[in-house]
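Colleague: Please see the structure below; I have some questions.
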Amino acid sequence: MSYDFYGWRDSSQIHAVNDTYPGIITPLNLYDALIHVWCEYTCTPRLRHQWTPDNPTLGQCAITSFLAQDIFGGKVYGIPLEGDSVHCYNVVNECVFDLTSEQFSGESLDYSGNTEQSRQVHFMRTEKEERYEYLKAKLKEYCGKYCTLSEISHQVTGKI
């Protein structure tokens, strides 16, 4: 698997702080699983008509960042965008990674000096919290089906 999300090289040094999702050890593992889980329903409603499997990260930033925070700890920050919206990403132990940056097709985003995001504020929008809960459930289901011990061994050691 090749990775293009922002911070992917450094994120391999980050490890899960819990074992809620079997097989999810690093953000790379999370990305690998989410590629199979993100869908039109998990996309923010205002972008849903543009979502395609070819651009699976579109409209997934907030719910993905808060899910990554559940798994790896750290904080969620937001880059201000046009129209009073923000693009969310994660910072764990000074490592910045953005699992959904590919939706911007090479656009340069500024990951410095941004405001920490609050899940309470984001989840005041019921639809966003529902999408987050759906994403969590689908990830758990995916991990239960596809993240076997041999796969975990391969992800950690590179050997089966």
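Any read-out appearing in this document is the output of simple, stated calculations on the displayed coordinates, not a laboratory observation. All figures in this text were calculated on a predicted structure; none of them were measured in a lab. Counting neighbours? That spans all protein chains shown, and the Cβs are built from the backbone with ideal geometry, glycine included.
Colleague: Given 37 °C and 0.692 mPa s, how large is the Stokes-Einstein diffusion coefficient of the chain in µm²/s, with Rh as the Kirkwood radius over Cα pairs?
Modeller: Translational diffusion coefficient: 207 µm²/s.
Colleague: In nm², what is the average projected area of the convex hull enclosing the Cα atoms of segment 29-70? Display every interim value, and only then the final one.
Modeller: Numbers: hull surface 11.2 nm².
The number I arrive at for segment 29-70 is 2.8 nm².
Colleague: A further question on this structure: With +1 on the Cβ of every Lys and Arg and -1 on the Cβ of every Asp and Glu, and nothing else charged, how large is the dipole of segment 1-156 about its Cα centre, in debye rounded to the nearest 20?
Modeller: That gives a dipole near 380 debye.
Colleague: Using DSSP to call loops (not H, G, I, E or B), can you name the GluC sites (Glu not before Pro) in segment 94-135 whose Cβ has at most 16 other Cβ atoms within 10 angstrom?
Modeller: E94, E107
Colleague: Quick one: which residues, 5+ away or cross-chain, put their amide H under 5 Å from the amide H of V86? H built at 1.01 Å from N.
Modeller: Residues meeting the amide H criterion: L81.
Colleague: With a/c under 1.5 counting as rounded, go ahead and sort segment 84-141 into rounded, prolate or oblate using the C-alpha gyration tensor (a ≥ b ≥ c being the square roots of the eigenvalues; past the cut-off, prolate if a/b is larger than b/c, else oblate). Spell out each step's value before the answer.
Modeller: Values: a/c = 1.69, a/b = 1.46, b/c = 1.16.
It is prolate, given that a/c is not under 1.5 and a/b is the larger ratio.
Colleague: Per residue of segment 89-94, what does 6.51 cos²θ - 1.76 cosθ + 1.60 with θ = phi - 60° give for ³J(HN,Hα)? Whole Hz please, x for Gly and Pro, Karplus curve as stated.
Modeller: Rounded to whole hertz, the list is 8, 10, 10, 10, 6, 6.
Colleague: R9 to D84: extension gain in nm, 0.36 nm per residue of separation minus the Cα-Cα distance?
Modeller: Here the answer is 24.0 nm.
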